[in-house]
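Report on the following structure.
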Amino acid sequence: MDAVLEIRGLTKSYELGHLRAPALRGVDLTIGRGEFTALVGPSGSGKTTLLNIAGCLDVPDEGRVILAGEEVQNLKSGRRAEIRGRSIGFVFQTFNLIPVLTAKENAEYPLILGGHYRRADAQEKARLKKRPAELLTELGLAEYLNRRPNDMSGGQRQRVAIARALVTEPAVVLADEPTANLDSSTGTEIMKLLKEMNERHGATFLFATHDPLVMSFCRRIVTLTDGRISDDRTQAGDGGR
């Protein structure tokens, strides 16, 4: 398996007053290129902690995190931020779009923030410049490129967030409860779009979720219980179609 994310012996605890509460207790996980995987478990099981560490937003107490072939857990925060901007896309339940920017500008923002234009030659820069509009069009938002988030529905805003996550062609997209603020019909629509992006572009997705709908679309289900992986199984992952 061509791994894009490898996690080995991961532990993480948090201080709660005078107590130390373990969130992860020796997690091993490998995510291969092109996977569409759900990370599931009850609240407090460690899903979000694991996603944050995988996304270079947090560091473990112990263990290794290898992202796109580079070990990242001991790097300085600035270097982790560079890797995050280059190799990871994020989709959040609250969309996290910038209200004053248009849909196209929101989708383009990671290219600017991560210095992708600055590092590119003229030909590559021209290709990257087209990518936000192309992705938004592919996601059914061709008529909304210049619309701001507050003038869009929740489903449309999540589509913009998906385009933003994919615009840098990341090694892996991490999605934290991407359907939580959507009704079931819109959630199904969003999951179908994400699955299409996975199949069409080979994009790798790792979801942290409670939602059975998200799980139904995923080929692999990894269950966390009390900070440990208690189950890792495969299924049809066709969303009930």
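Worth a mention:
- Looking across region 175-187, the residues that are surrounded by 18 or more Cβ atoms within 10 Å (Cβ to Cβ) and touching a Gly at 6+ places or on another chain (Cβ under 7 Å) come down to Thr179, Leu182.
- Top-ranked residue in region 69-117 [being more than 17 Å from Leu141 (Cβ to Cβ) and among the hydroxyl-bearing types (Ser, Thr, Tyr); ranked as surrounded by the fewest Cβ atoms within 10 Å (Cβ to Cβ)]: Ser77
- Across region 116-151, the number of residues qualifying as in a loop (DSSP other than H, G, I, E, B) and either under 20 Å from the mean Cα position of the chain (by Cα) or under 21 Å from Asp176 (Cα atoms) (or both) comes to 1.
- Whichever residue in region 77-98 is touching a strand residue (DSSP E or B) at 6+ places or on another chain (Cβ under 7 Å) and in a helix (DSSP H, G or I) and, among such residues, is farthest from Asp58 (Cα to Cα): Ser87
- Taking region 156-236 and the strands (runs of 3 or more DSSP E) fully enclosed by it, the elements with 3 or more residues that are without any contact (Cβ under 8 Å) to a residue 40 or more places away in the chain are at 228-234.
- Annotation: of all residues in region 70-126 being among the aliphatic types (A, V, I, L, M) and in contact with a Leu (Cβ under 9 Å, 6 or more places away or on another chain), the one that is nearest to Glu169 (Cα to Cα) is Ile88.
- The single condition among (1) surrounded by 14 or more Cβ atoms within 10 Å (Cβ to Cβ); (2) under 29 Å from Thr11 (Cα atoms) that Ser230 does not meet is (1).
- Candidates are the residues of region 121-136 that are charged (D, E, K, R) and under 22 Å from Met197 (Cα atoms); the one that is surrounded by the fewest Cβ atoms within 10 Å (Cβ to Cβ) is Lys130.
- Pairs, first under 14 Å from Ala133 (Cα atoms) and in a loop (DSSP other than H, G, I, E, B) in region 99-113, second modelled with pLDDT of 95 or more and polar (S, T, N, Q), C-beta under 7 Å, six or more apart: Thr102/Asn146
- Qualifying residue in region 67-76 (condition: more than 29 Å from Pro149 (Cα to Cα), of a type in the set (Lys, Arg) and in a loop (DSSP other than H, G, I, E, B)): yes
- Any chance Gly140 is touching a residue at least 12 places away in the same chain (Cβ under 8 Å), more than 25 Å from Leu5 (Cα to Cα) and surrounded by fewer than 20 Cβ atoms within 10 Å (Cβ to Cβ): yes
- Search result, residues across region 7-42 that are touching a residue at least 24 places away in the same chain (Cβ under 8 Å), surrounded by fewer than 17 Cβ atoms within 10 Å (Cβ to Cβ) and among the acidic types (Asp, Glu): Asp28
- Residues of region 24-80 satisfying the condition of being among the β-branched types (Val, Ile, Thr), modelled with pLDDT of 95 or more and closer than 18 Å to Asp211 by Cβ: Thr37, Val40
The values are calculated or read from the model by the stated rules, or taken from the named source; none is laboratory data. A quick note: this is a predicted structure, and the numbers were derived from the prediction, not measured. Every residue, glycine among them, receives a Cβ derived from its backbone with ideal geometry; neighbour counts consider all protein chains shown.
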